[in-house]
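K.L.:
Please read through the structure below; I'll follow up with questions.
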Amino acid sequence: MTDLMNIVESKEAGSGFYPTPAHLVWKMIKKINFNYVDSMLEPSAGKGDLALPVIQAWRKSVNDWDNRKNPDMDCIEIDPNLRAILKDKGLRVVHDDFLTYQTMKRYSLIVMNPPFEDAARHILKAISLLKPEGQLIALCNAETLRNPCTNVRSMLAGMLNGASVDYLEGEFLDAERKTDVCTALISYKAPAADLKDSLVLENLRPGHKYVDMTPDESAALTKADFVEAIIDRYNYEVESGIRLIREYRAVSHMINDTKGNRSASMSLTMGHNEAASENAWVKAVRHKYWSMLFESPQFVAQLTTNLQQNLYARVTELEDYEFSYYNIKEIMIQMNAHVSEGVESTIMELFDNWTRKWHWDENAQNRHYFNGWRTNDAFAVNKKVIIPLRAYDYWGSKISPEFRAYNVREKLQDIEKVFNYLDGGRTPEKDLRSILEEVQNTGNASKVDSKYFYLTFYKKGTCHVEFKNMDLLAKFNIFAARGKNWLPPSFGKKKYQDLSQEEKQTVDSFMGDKTGKKYDAVCDHADYFLQAGSDTLNLTA
């Protein structure tokens with residue numbers, strides 16, 4: 001954290017970053033009526049000098065003395081170092097550049113100290129994101145309002161007609177970054193919603209694209225095209241729901257009139273009889289689309305099951321984040337940091353499972369024993385392994401209807417993903433889903449040809465996995481044996497003739513060859529046999 005602060009402070013002098021002084025923060029907070037605040041935004045959040053005190057004041061207003069309630073506060077910051085500081089302080093960062101922020105969510109309070117050189121555009125953008133009767137508390141340089149010399153400034157002056165503006169001298173003279181500029185403190189309240197007009201009486205303008213793709217059509221799209229399509233669908237659905245909610249509001253004063261004999265009424269609710277609101281609708285649709293994204297092959301095909309489960313567990317958290325290119329890419333970047341770790345953990349789990357002695361004797365074929373480095377308790381995976389995997393029904397009469405179901409496919413897909421990682425894209429693709437469908441349809445469960453293995457399913461609930469590529473199997477064994485420190489540290493780095501006698505004994509036993517030829521072949525191709533990762537796992541590619 002200290003290093004990051006040093007980086008930020010070294011960049012401040014040449015930037016438009018002027019942290020809001022504490023005394024000015026409280027002048028801004030005094031302008032806020034927290035009685036009607038349920039959603040907040042700080043679009044130029046910096047280090048959180050304004051956002052955190054506002055949250056503190058909100059907690060006080062709702063008598064949250066124990067900090068148990070979670071305020072709905074979104075933050076935006078363009079500087080990546082400052083974004084890291086905000087996240088470290090527990091603030092929710094939903095976007096980078098405020099001027100490119102696109103959302104259907106609307107805020108009851110926006111507090112901001114935007115870059116003074118472009119304050120007019122930032123404030124106009126903020127006004128467009130306010131709820132009806134929402135509050136804007138903003139700082140800017142006084143010249144932005146006093147000298148409307150551009151079209152943007154003139155537009156802002158028109159929008160702020162009737163707003164409260166306090167002109168303040170010397171507010172930044174004792175600030176963290178000093179300046180003698182005269183500032184304007186703006187307090188603006190958005191107009192109330194117009195409930196008289198109904199969109200039903202107007203021609204709806206063309207909305208976002210909505211493409212209802214079949215699963216096959218969706219799978220055929222590239223990752224970039226898929227993300228574009230699903231964002232378009234999200235925007236279309238959010239806007240449609242918001243229009244419906246606004247339509248309901250526009251006519252509710254008539255249809256819910258209970259005077260006299262007119263007792264008929266209508267309510268618009270969401271799940272669990274929650275009264276529909278625009279922000280609640282946005283949140284619900286976000287949940288739906290983050291879930292869809294995390295279930296789509298284009299996004300999670302390279303992730304092992306444990307990583308997919310970790311990702312899916314974040315859906316509720318992500319309800320508060322816009323379903324946008326920026327946030328999808330942020331998730332991809334975060335997952336990239338864990339992909340290799342997750343796959344390599346799965347490699348070790350598979351190795352342990354495949355070499356563990358099960359209750360049936362035939363599983364002993366899975367092991368190749370060798371005298372490990374500094375130990376004689378070491379083993380590798382043979383050409384064929386036997387794993388528990390039930391393909392037939394419990395009577396053993398036919399392939400089970402659940403054969404293609406998630407539990408069977410999941411195990412085989414995890415194995416494939418591990419070898420995709422080790423293989424690095426060298427082996428032509430084979431669609432496992434189609435292969436399993438053919439087994440289901442034909443009943444032929446013997447010597448099934450998949451991408452890396454021949455699979456044979458037996459009625460007693462086992463599956464024989466026979467490797468097709470011996471070099472890839474060797475790479476798998478080398479990775480696992482090195483991970484368990486069963487091979488000398490010099491393995492693959494020194495030629496056979498340069499190994500010590502003790503190292504040669506371990507290598508001979510592991511390779512099953514006393515001539516050193518197999519081992520030297522590994523040394524000659526160390527970039528393949530000793531390279532753990534693969535560029536194919538880069539989610540942001």
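The values are calculated or read from the model by the stated rules, or taken from the named source; none is laboratory data. All values derive from a computational prediction rather than experimental measurement. When we count neighbours, we look across all protein chains shown, and the Cβ atoms used for this are built from the backbone with ideal geometry, even at glycine. Ligands, DNA and RNA are stripped out before the accessible areas are found, and what is left, the full protein with its side chains, is counted by its heavy atoms. Shrake-Rupley method; radii C 1.70, N 1.55, O 1.52, S 1.80 Å.
K.L.:
Restricting attention to segment 300-340, which residues are under 18 Å from Cys75 (Cβ atoms), part of a helix (DSSP H, G or I) and free of Cβ contacts under 8 Å to residues at least 40 places away in the same chain?
P.N.:
Glu317, Leu318, Glu330, Ile331, Gln334
K.L.:
Identify the single condition in (1) touching a strand residue (DSSP E or B) at 6+ places or on another chain (Cβ under 9 Å); (2) closer than 17 Å to Pro19 by Cα that Asp72 does not satisfy, given that it satisfies every other one.
P.N.:
Tallying (1) touching a strand residue (DSSP E or B) at 6+ places or on another chain (Cβ under 9 Å); (2) closer than 17 Å to Pro19 by Cα, Asp72 fails exactly one: (2).
K.L.:
Scanning segment 503-530 for residues that are assigned to a helix (DSSP H, G or I) and open to solvent by 80 Å² or more (accessible area, probe 1.4 Å), which turns out modelled with the lowest pLDDT?
P.N.:
Top of the filtered list is Asp527.
Quick grid of which residues meet (1) open to solvent by 40 Å² or more (accessible area, probe 1.4 Å); (2) touching a residue at least 60 places away in the same chain (Cβ under 8 Å):
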residue	(1), (2)
Arg92	no, yes
Asp97	yes, no
Met104	no, yes
Ser108	no, yes
Val111	no, yes
Pro114	no, yes
Leu124	no, no
Ile127	no, yes
Pro132	yes, yes
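K.L.:
Does segment 143-160 include one or more residues that are at pLDDT 80 or above and under 30 Å from the mean Cα position of the chain (by Cα)?
P.N.:
No, there is no match, as no residue in segment 143-160 is at pLDDT 80 or above and under 30 Å from the mean Cα position of the chain (by Cα).
K.L.:
If I ask for residues that are surrounded by 13 or more Cβ atoms within 10 Å (Cβ to Cβ) and polar (S, T, N, Q), which ones from segment 413-441 would you list?
P.N.:
Gln413, Asn420, Thr427, Gln440
K.L.:
Checking the structure you have, find out if any residue of segment 467-488 is farther than 19 Å from Ala526 by Cα, open to solvent by less than 50 Å² (accessible area, probe 1.4 Å) and in contact (Cβ under 8 Å) with a residue 24 or more places away in the chain.
P.N.:
Yes, segment 467-488 contains a residue that is farther than 19 Å from Ala526 by Cα, open to solvent by less than 50 Å² (accessible area, probe 1.4 Å) and in contact (Cβ under 8 Å) with a residue 24 or more places away in the chain.
K.L.:
Within segment 62-88, track down each residue that is more than 24 Å from Glu237 (Cα to Cα), surrounded by 15 or more Cβ atoms within 10 Å (Cβ to Cβ) and charged (D, E, K, R).
P.N.:
Scanning segment 62-88 gives Asp64, Glu77, Asp79, Arg83.
K.L.:
Mind checking which pairs have a first residue in segment 279-290 that is open to solvent by less than 10 Å² (accessible area, probe 1.4 Å) and among the aliphatic types (A, V, I, L, M) and a second that is part of a helix (DSSP H, G or I) and at pLDDT below 95, Cβ under 7 Å, 6 or more apart or different chains?
P.N.:
That search, which allows pairs on different chains as well, returns Val282/Val238; Val285/Tyr234; Val285/Glu237; Val285/Val238; Val285/Gly241.
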